[in-house]
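Here's the structure we're looking at; comments come further down.
The values are calculated or read from the model by the stated rules, or taken from the named source; none is laboratory data. For clarity, every value in this text was computed on a predicted model and none was experimentally measured. Here the Cβ positions follow ideal geometry from the backbone for every residue, glycine too, while neighbour counts run over all protein chains shown.
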Amino acid sequence: APAPPSSRYPRYTREEVGRHRSPQDRVWVTHGTDVFDVTDFVELHPGGAEKLLLAAGGALEPFWALYAVHNQPHVLELLREFKVGELSPDEAPPDPSAAQDPFAGDPPRHPGLRISSRKPFNAETPAELLTERFLTPNELFFTRNHLPVPAVDPGSYRLRVEGPEGRVLSLSLSELRSRFPKHEVTATLQCAGNRRSEMSRVRPVKGLAWDIGAIGTARWGGARLRDVLLHAGFGEERDGEWHVCFEGLDADPGGAPYGASIPYGRAVSAGADVLLAYEMNGEELPRDHGFPVRVVVPGVVGARSVKWLGRVAVSAAESPSHWQQNDYKGFSPCVDWDSVDYSSAPAIQELPVQSAITHPRPGAAVPPGELTVKGYAWSGGGRDVVRVDVSLDGGRTWSVASLAGERAAPGRAWAWRLWELRAPVPAGAQLEIVCKAVDRSYNVQPDTVGPIWNLRGVLSNAWHRVPVTVTR
């Protein structure tokens with residue numbers, strides 16, 4: 001909790017604090033009864049300067065209720081460095097309703113999910129269950145939320161599609177279902193930060209500490225984005241560089257929605273299978289996964305598959321959203337938070353080749369005899385996985401795993417391949433099981449994490465390593 005009032009600090013009214021709302025006039029905020037000048041921290045804020053400026057001149061509590069990751073001792077310690085005063089004793093405390101829990105309306109979740117954060121809710125599929133089925137059950141599919149889950153009334157829902165020359169197409173859920181042919185595609189979605197925890201063991205990174213379970217595969221059903229765009233009046237090609245921007249119905253306290261974009265050519269490609277999905281594994285979308293409509297962009301980082309879709313627009317520029325411009329980008333290992341320039345790197349679209357071991361688990365003790373090793377492999381851009389190599393001795397010798405899963409048309413391998421290797425292991429052996437996948441373009445995973453480390457911990461796809469002891 002903030003330190004108790006002390007006479008060594010000047011006293012301010014909320015009106016005086018409210019005059020400091022921009023870097024030109026200083027940026028002040030309050031937390032409890034303390035006043036802080038955070039002007040020098042604005043550009044260093046990990047969530048982006050624009051997010052911090054939403055609280056400028058006012059209380060932090062309503063925003064920290066939304067981004068509960070701030071409620072940690074080290075954040076409060078950092079904040080105290082910027083203390084400049086205290087509120088006058090006669091000032092009323094912040095309105096309790098302003099800090100009501102914005103996550104109170106979130107849906108119930110399966111207790112088996114491994115939770116990375118509760119507010120907003122983020123959780124991954126347990127590795128032990130991840131490859132038990134080719135399709136990930138809806139209730140165990142990893143959840144990546146940036147904001148509270150919106151409560152959307154399907155009866156009043158409208159999707160706004162902004163057509164050329166100012167025309168607007170407004171579609172209800174029933175119209176989206178009835179006007180456009182239903183298309184189904186089996187596709188894997190993977191968070192850019194999957195396996196981030198391995199990068200954090202090299203050097204600290206900022207982001208959720210995902211293990212190997214921020215990935216899943218489902219059978220998605222809905223209208224092709226291509227069909228909707230053509231119906232709205234757009235052509236199959238546009239001169240120059242264009243983008244299709246998506247906005248969700250989830251929004252921060254300032255009203256800014258989650259947003260992302262993909263290149264126009266992918267959006268209208270008949271072979272890219274981009275969906276405005278309203279079904280997941282034969283059922284209506286669960287609330288955590290975008291009910292009533294979400295974008296599904298096969299072969300592309302999950303951050304572009306915007307949930308709770310409210311608006312689609314074609315633009316000459318990428319989405320202006322924070323998550324398109326100032327997040328989900330990769331950098332050199334030499335770049336740190338003092339030198340990062342998000343404008344210098346392209347937004348992640350297609351992901352690199354990936355694989356991981358789901359069985360046995362790290363540190364497991366297994367009996368001697370025949371050992372079964374299982375895992376998943378996937379590559380972005382529709383490039384199918386042609387081989388998975390597995391080593392039991394840290395990479396000195398290798399065997400080729402058998403692959404299972406759906407075979408896809410060239411360039412449209414949107415779903416992962418599950419793999420398995422059976423090998424004899426002697427009693428008392430210390431094993432370091434390693435896997436690496438190779439895709440159709442002969443891209444292969446790097447052997448170590450160090451050379452691909454980056455400050456946000458994204459694109460983590462080094463060889464997956466699992467130490468195992470064989471019992472005597």
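Side notes on the structure shown:
- Check on H243, farther than 26 Å from R118 by Cα, at pLDDT 95 or above and surrounded by 16 or more Cβ atoms within 10 Å (Cβ to Cβ): yes
- Single unsatisfied condition, S391 versus (1) crowded, with 18+ Cβ neighbours inside 10 Å; (2) closer than 30 Å to N281 by Cα; (3) not charged (D, E, K, R): (2)
- Of all residues in the stretch 246-261, those satisfying the criterion of being of a type in the set (A, V, I, L, M) and surrounded by 20 or more Cβ atoms within 10 Å (Cβ to Cβ) are L249, A260.
- Extreme residue, surrounded by the most Cβ atoms within 10 Å (Cβ to Cβ), among residues of the stretch 147-171 that are in contact with a Lys or Arg (Cβ under 6 Å, 6 or more places away or on another chain) and not β-branched (V, I, T): R160
- Against the list (1) crowded, with 19+ Cβ neighbours inside 10 Å; (2) not in a loop (DSSP other than H, G, I, E, B), the condition A313 fails is (1).
- Among residues of the stretch 311-325 that are without any contact (Cβ under 8 Å) to a residue 60 or more places away in the chain, those with a Cβ under 9 angstrom from a residue that is not hydrophobic (A, V, I, L, M, F, W, C), sequence gap 6+ or separate chain, pair up as Q325/G48; Q325/E318; Q325/S319; Q325/Y342; Q325/S343.
- The helices (runs of 4 or more DSSP H) falling completely within the stretch 192-294 that include 1 or more residues that are of a type outside the set (V, I, T) and within 25 Å of N461 (Cβ to Cβ) map to 196-200, 264-268.
- Boolean, S344 is of a type in the set (S, T, N, Q), surrounded by fewer than 22 Cβ atoms within 10 Å (Cβ to Cβ) and within 25 Å of D327 (Cα to Cα): yes
- Among the residues of the stretch 37-89, those that are assigned to a loop (DSSP other than H, G, I, E, B) and among the polar types (S, T, N, Q) comprise N71, Q72, S88.
Each row is one residue, and each column tells you yes or no for (1) without any contact (Cβ under 8 Å) to a residue 40 or more places away in the chain; (2) closer than 27 Å to W337 by Cβ.
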| position | (1), (2) |
| --- | --- |
| S178 | yes, no |
| H183 | no, no |
| Q190 | no, yes |
| R195 | no, yes |
| R201 | no, yes |
| I212 | no, yes |
| A218 | no, no |
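- Within the stretch 334-353, residues that are of a type in the set (F, W, Y) have Cβ atoms under 7 Å from residues that are part of a loop (DSSP other than H, G, I, E, B) in these pairs: W337/L455; Y342/N326, counting only partners at least 6 apart in sequence or on another chain.
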